[in-house]
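The next block holds one structure in the form of structure tokens; read it before the comments.
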Amino acid sequence: MIALIGIVSPAIAQEAEQAKPIQRVEITGSSIKRIAKEGALPLEIISRKQMEDQGIVTAEQLIANLNVNGNGSDNLASNSDVTTGAQRGNNGASSANLRGQGADSTLVLLNGRRVATYGMKGSAVDLNSIPFAAVERVEVLKDGASAIYGTDAIGGVINFITKKNYHGLEANVFEDATQHGGSNIARASLTGGWGDLDKDGYNLLVTGARAENNALKGSQRDFVNAFQPNRGVSVDTRGSPFANVFGVSPTSYGKTLLGTNASGVALPGGTTLYNGISVLDLPGGKGCNSIDGMQAYDEKLWDTPGAAYGCAWDTGRAAVLQQPVTSNNGLARLTIQRGEHQLFAELVGSQVTSKKSFSPNQISPSTVNFPYSSFYPSTGSAYNMVYNELVKVFPSIAANYGSPIAYRWRCMECGNREIETESKAGRLQVGADGPLTLFGRRFDYRIGASKAYSEAESHLGKGYNYTVALANALGTGIINPFLLPGEKQSQAAIDLINSTSAEGVTMYGGRTTLTQADAALSGEIFNLPAGAVMAALGTDLRREGYSFNGDGRAAAARPAILNAPFDDQNALNEKTRDIKAVYFEFLIPVTKSLEVNIAGRQDHYSGFGNTFNPKYSFRFQPIESLLFRGSYNTGFRAPSFNQLFNGVTESQYAGKDLADPAKCPTLKVDSTKPGCESITPVILTGGKTTLGPETAKQGTVGVVWQPLANFSMNADLWEIRKQNTIDSFTLATMTANYGLFKDQFLRDASGNLIAVDQRWVNAGERITRGLELGARTNGKLGQGTWSASIDGTRLLEKKSRATTTSDFGPSEIGKFLFTGDLGLKWKHTAFVTYKQGDWSTTLTNVYRAGYKDQVLPGVANGVVKPVDLDPDVKPYSIFHLSLSYTGVPGTTITAGIKNLLDKDPPFAITYDSNSGAGSSWEPRVADPRGRSFTLMVNHKFF
């Protein structure tokens, strides 16, 4: 007999056999209370014990191990570097991304109800705010659920369910220490429960936990090495600890040591103009590698011939691969039992602090942050050395002696740039549920009201300096950007740099609020020959609010800070919207072996109006050992507050390389050709209040087969078609596809292009299709029992198109993408468990398929073919081993080894110009920690 429909661990199945008499419960994805085994949705249930056996003590760790979760920039490793664009709002946050649909298309619930989205971004829930120490189990619905829950439930639903009716006092301590140092994890929690609902009529549950994840530096792992040109990767920055010399624009600056040609200087008799020149890399020089972390800039890989005499520096080894995070979480829940009715009040709170740390700032020739007066003066102590070495190779600059040096320098003495983010979240909820009688029939009701918030604020740490103050300091010549091996800055230079620090400035912050009231009624409404028809009717009323502030300083006192990623243009006073929804659900037994479920939900959003989303599902069990299931539903994601209300920024296009795509077929500026003259239209960016929701159509069909009492398997084929996707396109994409974006090119009465609207639009479409497979078995061995299971996901299709009138692009499965979700072809998690007496042991395998790697421009353009270039990133497969002992009364001791074989992340060409995490590995796929040893002790005092 099929005991549980869904993907259920052996531990859960065993617990179910020993459970109390079956009662009707509400299952994630449905509003009808029923016996759990009756459900027909692909539901994965993960028990607390199963998580503890794997050394999982945070929600982020759990989500990373889910095969159904995508591989996007949703964790603290993948957004640990500078980051750009929408990722800036992820500071300090971790999110779920079911079926690769994005964090804002995955609904996260706590005890079946919504929590506030992350305050910084205004969309997607921060998993760090979940009181994980109080979680008893996690239910993962791998199906769309907008017909029940409304927005965001396109990829699926994750429901964190806390302990209920717990009585006693228990303490839990956990330590996860890496073999190679860095990124140790520790957690301590205390949980107390008083009163028994059945005996005393009340239960009070209180739990508190503190967790600390220490930083992991790139320099602590040997696999982090971006200087591997033989394998196709090298660093694209000439901001190095020993400065590179540049030419500058004669229209913006006076004469410099390299003259007044912004393109650089040529060798005697040569035509190539060299720029970004390091005297270490010149013929006879000491070599770039004479300074730790530096190597010669690879002009062939980056197809930049003029950079042949430059030095580069490995920014990846300076970054923190895993952000240090400290979290404090607490939950208090009072439940009162009166007859068959329960009333409860629940308070949840969290405080999380994280700190990004990445490469020191580079100082570059720029009219904004590096004025002519700040160039290295002839009075500097290294001036003559630099001049003499350059003149040996480029004698044409000899006459420029005395002119200042324009350079690009990595200010190591400024320290790593740091951004510290503190977030707080809370929810107060009250509610009641129980039975009532209407029209002579028994129904179950559920009502609740809650108030939740999330707020986050990012502050600049070390490594950021006031621009003008630093420029003035550099202009004195006291600070030396040309330190040879073994030389150090003078104390005067260090003091001067420190005097320009901007540490402590509030960069930006945001706050979300959620006020909600809900009510639902479910029960049997009439009988058919095959059984009772069950129905549910509910309502959901919400008010969502969001505000975002930019620079925390007074508007009249905001001196510029070098390269600080402020976001002032998107500052928002609080915006709110009201959501009113009603939903229904019917469970109809057509025959003894076939039941059909019909659900629908009508949502009204102040701002864009109404949306109705139905869901149809079936469960067909022709024989006891075989079950077929399937569903079809529509879903939606409401546009975020940022996408709707961010201010419109008008900025004049500053480049000289843009021609009117309607008049110039080649798109190349050529003043000799009419219509191909250079133009500088206004570029519009920001929010758009006319945006509508993203919509989705999705379906699932599956089978569960249990031919033997101790063996079962399942397969579910699914497809999601996401339409009206909210996108913002680059100017290059829009001009290259002018016919698709014609309406966004704004013209005057004479037809002249005056502006390009790059704001968000509902335009695109994405198709994702996959197959989820699982198998479970168990038996006896010697004096004990064993169990084994495997659950995997096979991605069959992943493609997208910019607009519904354009063609779909090529398949994105198994191919590197700079942003978004990496479409891995196959992912699985497998378990083998053996239990005998007080001992149990579990071996776990986590597998992630490889994919086609990216190639740098020189390889793509045929300039160079690295001798050891491998077009494929290898699969990532690691094993975990745990051993538990329960022989001491009230105590469970679990020891484990994670990444048993100490496997490094596979090599990958992920270097992304100093604005994304990773350098020679992919943080969206692999764990950089290596082998670690875990110990968990749980003691129940009474």
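The values are calculated or read from the model by the stated rules, or taken from the named source; none is laboratory data. Quick caveat, the model's predicted, so the values are computed rather than measured. A quick note on method: Cβ atoms are made from the backbone with ideal geometry, for glycine too, and the neighbour counts reach across all protein chains shown.
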- Query: Ser350 is checked against (1) at pLDDT 95 or above; (2) in contact with a Cys (Cβ under 8 Å, 6 or more places away or on another chain) and fails just one. What number does that condition carry?
  - Reply: (2)
- Would you point out the residue of the range 202-243, among those that are of a type in the set (Asp, Glu) and outside any strand (DSSP E or B), that is surrounded by the fewest Cβ atoms within 10 Å (Cβ to Cβ)? Asp222
- Query: Any residue in the range 679-693 that is under 25 Å from the mean Cα position of the chain (by Cα) and surrounded by fewer than 18 Cβ atoms within 10 Å (Cβ to Cβ)?
  - Reply: yes
- Query: Does any residue of the range 668-687 turn out to be among the basic types (Lys, Arg) and either out of contact with any helix residue (DSSP H, G or I) (no Cβ under 9 Å at 6 or more places or on another chain) or over 30 Å from Thr611 (Cα atoms) (or both)?
  - Reply: yes
- Query: So, of the residues in the range 80-117 that are basic (Lys, Arg) and modelled with pLDDT of 90 or more, which turns out to be farthest from the chain's Cα centre (by Cα)?
  - Reply: Arg113
- Looking at Gly509, is it out of contact with any Cys (no Cβ under 8 Å at 6 or more places or on another chain), surrounded by 15 or more Cβ atoms within 10 Å (Cβ to Cβ), modelled with pLDDT under 95 and not in a loop (DSSP other than H, G, I, E, B)? yes
- Message: For Val873, only one of the following conditions fails: (1) more than 30 Å from Ala775 (Cβ to Cβ); (2) aliphatic (A, V, I, L, M); (3) surrounded by 21 or more Cβ atoms within 10 Å (Cβ to Cβ). What is its number?
- Response: (1)
- Item | Among the residues listed as Phe344, Phe358, the single one being surrounded by 17 or more Cβ atoms within 10 Å (Cβ to Cβ) and at pLDDT 95 or above | Phe344
- Tell me, please, whether a residue that is within 30 Å of Asp74 (Cβ to Cβ), surrounded by fewer than 22 Cβ atoms within 10 Å (Cβ to Cβ) and in contact with a Leu (Cβ under 6 Å, 6 or more places away or on another chain) can be found in the range 327-340. yes
- Quick one: in the range 642-663, which of the residues that are out of contact with any Ser or Thr (no Cβ under 6 Å at 6 or more places or on another chain) and modelled with pLDDT of 90 or more is nearest to Leu753 (Cα to Cα)? Asp660
- The residue that is farthest from Gly461 (Cα to Cα), considering only those in the range 272-314 that are in contact with a Pro (Cβ under 9 Å, 6 or more places away or on another chain) and of a type in the set (S, T, N, Q), is Thr272
- Query: Any residue at all in the range 805-816 that is closer than 28 Å to Ala715 by Cα, of a type outside the set (Val, Ile, Thr) and outside any loop (DSSP other than H, G, I, E, B)?
  - Reply: yes
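Please verify whether the range 834-855 includes one or more residues that are of a type in the set (A, V, I, L, M), surrounded by fewer than 17 Cβ atoms within 10 Å (Cβ to Cβ), part of a strand (DSSP E or B) and modelled with pLDDT of 95 or more.
The answer is yes, given that some residue of the range 834-855 is of a type in the set (A, V, I, L, M), surrounded by fewer than 17 Cβ atoms within 10 Å (Cβ to Cβ), part of a strand (DSSP E or B) and modelled with pLDDT of 95 or more.
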- Task: For Asn573, state whether it is surrounded by fewer than 20 Cβ atoms within 10 Å (Cβ to Cβ), in contact (Cβ under 8 Å) with a residue 12 or more places away in the chain, within 27 Å of the chain's Cα centre (by Cα) and not in a loop (DSSP other than H, G, I, E, B).
- Result: yes
- Message: Which of the numbered conditions does Gly809 fail, given that it passes all the others? Conditions: (1) surrounded by 18 or more Cβ atoms within 10 Å (Cβ to Cβ); (2) in contact with a strand residue (DSSP E or B) (Cβ under 7 Å, 6 or more places away or on another chain); (3) over 19 Å from Met936 (Cα atoms).
- Response: (1)
- Counting only residues that are crowded, with 20+ Cβ neighbours inside 10 Å and more than 32 Å from the chain's Cα centre (by Cα), the range 301-326 contains a total of 4
- Message: Can you pull out every residue in the range 132-148 that is crowded, with 24+ Cβ neighbours inside 10 Å and either free of Cβ contacts under 8 Å to residues at least 60 places away in the same chain or closer than 18 Å to Leu205 by Cα (or both)?
- Response: Phe132, Ala133, Ala134
- Query: Would you say Gly675 is touching a strand residue (DSSP E or B) at 6+ places or on another chain (Cβ under 9 Å) and part of a loop (DSSP other than H, G, I, E, B)?
  - Reply: no
- Is there a residue being touching an Asp or Glu at 6+ places or on another chain (Cβ under 8 Å), of a type in the set (Val, Ile, Thr) and crowded, with 16+ Cβ neighbours inside 10 Å anywhere in the range 634-644? no
- Query: If you go through the range 626-652 one residue at a time, how many are over 15 Å from Ala147 (Cβ atoms) and touching a helix residue (DSSP H, G or I) at 6+ places or on another chain (Cβ under 8 Å)?
  - Reply: 5
- Could you tell me which of the residues Val832, Val863, Val846 is of a type in the set (A, V, I, L, M, F, W, C), more than 21 Å from the chain's Cα centre (by Cα) and within 28 Å of Val233 (Cβ to Cβ)? Val863
- Note on the structure: Exactly one of Pro661, Pro622, Pro707 is touching a residue at least 24 places away in the same chain (Cβ under 8 Å) and surrounded by 19 or more Cβ atoms within 10 Å (Cβ to Cβ), and that one is Pro661
- Note on the structure: How many residues of the range 195-252 are farther than 30 Å from Ala296 by Cβ and acidic (Asp, Glu)? The answer is 4
- In the range 402-430, which residue that is assigned to a loop (DSSP other than H, G, I, E, B) and touching a residue at least 40 places away in the same chain (Cβ under 8 Å) is farthest from Thr315 (Cα to Cα)? Ser403
- Output the number of the condition that Gly232 fails; it satisfies all remaining conditions of (1) in contact with a helix residue (DSSP H, G or I) (Cβ under 7 Å, 6 or more places away or on another chain); (2) under 17 Å from Gly330 (Cα atoms). (2)
- Can you name the residue in the range 555-570 that is surrounded by 15 or more Cβ atoms within 10 Å (Cβ to Cβ) and among the hydrophobic types (A, V, I, L, M, F, W, C) and, of all such residues, is farthest from Ile623 (Cα to Cα)? Ala560
- Task: Kindly indicate whether Glu524 is in a loop (DSSP other than H, G, I, E, B) and farther than 21 Å from Ala116 by Cβ.
- Result: no
- Candidates Leu258, Leu280 - the one that is crowded, with 19+ Cβ neighbours inside 10 Å, free of Cβ contacts under 8 Å to residues at least 40 places away in the same chain and not hydroxyl-bearing (Ser, Thr, Tyr): Leu280
